[in-house]
Amino acid sequence: MTDAADRRILEALQADGRLTNVELAERVAMSTSPCWRRVRQLESAGVIKGYRAELDRRKLGLGVLAFISVQIDSHSDADAVRFEEQVARLPEVIACYSVSGEADFLLQVVAPDLDTYADFAMTVIRRLPGIKAMHTSFVLKEIKEPGPLPVPA
């Protein structure tokens with residue numbers, strides 16, 4: 001899928017998505033035109049999904065980070081899709097995964113404080129259709145935040 005040059009490009013862009021094409025080409029030891037073409041190919045192929053700024057949630061006043069395990073009543077496709085669509089519209093939910101095990105979904109949620117989180121959990125999440133059970137785990141300390149993906153050879 002990717003060769004060594006693509007891997008160098010992907011690693012460099014994950015470290016700093018604001019690199020200009022000239023800076024990127026220098027960093028990965030390529031000339032600018034082939035570097036630009038490879039980046040465009042990686043974007044077209046969907047390997048590069050987008051570019052964004054990494055924000056510090058605490059400096060934005062979002063002191064609470066929690067994971068909510070959710071079990072739903074029905075496992076029909078329609079009910080799962082309805083749940084997924086509603087969760088996708090909630091800005092407090094920064095990630096949602098369909099998982100195996102006791103829970104059906106795992107939500108990653110941010111909130112300014114515990115009171116705000118409690119209100120959100122009880123008035124928004126708990127009232128989503130088809131919720132059978134939910135369990136919250138609060139993050140006490142972030143050991144390793146999400147970071148660059150390893151680019152396989």
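The values are calculated or read from the model by the stated rules, or taken from the named source; none is laboratory data. As the structure is a computational prediction, the values presented were derived from the model and not from experiment. Ideal geometry is used to build each Cβ from the backbone, glycine not excepted, and the neighbour counts take in all protein chains shown.
Structure notes:
- Considering E11, E26, the condition of being acidic (D, E), under 15 Å from L149 (Cβ atoms) and surrounded by 15 or more Cβ atoms within 10 Å (Cβ to Cβ) is satisfied by E11 alone.
- Output for segment 29-69, where each listed residue is surrounded by fewer than 15 Cβ atoms within 10 Å (Cβ to Cβ), hydrophobic (A, V, I, L, M, F, W, C) and within 23 Å of V110 (Cα to Cα): A53, L55, L60
- Residue that is surrounded by the fewest Cβ atoms within 10 Å (Cβ to Cβ) [pool: residues in segment 70-108 that are more than 21 Å from L55 (Cβ to Cβ) and polar (S, T, N, Q)]: S100
- Per this entry, Y97 is not counted among residues that are without any contact (Cβ under 8 Å) to a residue 60 or more places away in the chain, among the aromatic types (F, W, Y) and part of a loop (DSSP other than H, G, I, E, B).
- Filtered residue count, segment 1-51, keeping only those that are in contact (Cβ under 8 Å) with a residue 12 or more places away in the chain, part of a helix (DSSP H, G or I) and within 19 Å of the chain's Cα centre (by Cα): 5
- Qualifying residue in segment 62-76 (condition: at pLDDT below 95 and either in a helix (DSSP H, G or I) or under 17 Å from P146 (Cα atoms) (or both)): no
- Among the candidates D119, D115, D79, D56, the residue that is touching a Gly at 6+ places or on another chain (Cβ under 7 Å) and either outside any loop (DSSP other than H, G, I, E, B) or free of Cβ contacts under 8 Å to residues at least 60 places away in the same chain (or both) is uniquely D79.
- Each residue in segment 100-121 was checked for being over 14 Å from the mean Cα position of the chain (by Cα) and closer than 14 Å to H135 by Cα, and 9 pass.
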